[in-house]
Amino acid sequence: MSSQQERQIEFARRFRMIRERRGFSQEQLSFAVKLDRTYVSAIDRGERNLSLANIWKLSDALHVNPSIFFVDEQEFNEFIAQLPAPCVKAGRKPKTYSAPYTKWGI
């Protein structure tokens with residue numbers, strides 16, 4: 001895997017965590033930023049190389065500074081720890097993460 005792909009996957013992991021912590025589905029966020037849901041899904045999977053304009057759009061909708069996607073791991077983990085845990089719908093289990101998330105200590 002190239003370093004570019006690794007960076008995209010790391011961006012995707014952070015993006016997805018923030019999106020879920022903020023309580024947005026892919027569809028809700030795509031509507032808020034006027035992007036196609038499949039585009040947001042591709043971001044979640046690390047398959048999109050985003051423009052600065054789209055990073056700003058998404059950051060604004062998620063109420064975060066765009067720099068949070070690029071800080072070191074410790075600072076990112078401290079930021080995530082401050083966000084409220086996502087709500088769990090009745091009858092559903094909380095989302096748990098498996099590999100590759102454990103690679104980053106989450």
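The values are calculated or read from the model by the stated rules, or taken from the named source; none is laboratory data. Here the structure is a predicted model, which means the values were calculated and not measured. Glycine gets a Cβ as well: all are built from the backbone with ideal geometry, and neighbour counts include every protein chain shown.
Points to keep in mind about this one:
- Screening residue 87 on (1) under 17 Å from residue 8 (Cβ atoms); (2) among the hydrophobic types (A, V, I, L, M, F, W, C); (3) modelled with pLDDT under 95 shows it passes everything except condition (1).
- Residues that are modelled with pLDDT under 95 and farther than 24 Å from residue 83 by Cα are absent from the range 16-30 altogether.
- Answer from 6, 27, 47, 10 - the residue that is surrounded by 12 or more Cβ atoms within 10 Å (Cβ to Cβ), assigned to a helix (DSSP H, G or I), among the acidic types (Asp, Glu) and out of contact with any Gly (no Cβ under 7 Å at 6 or more places or on another chain): 10
- Residues in the range 13-24 that are of a type outside the set (D, E, K, R) and part of a loop (DSSP other than H, G, I, E, B): 23, 24.
- In the range 20-55, the residues that are under 21 Å from residue 4 (Cβ atoms) and hydrophobic (A, V, I, L, M, F, W, C): 40, 42, 43, 50, 52, 53, 55
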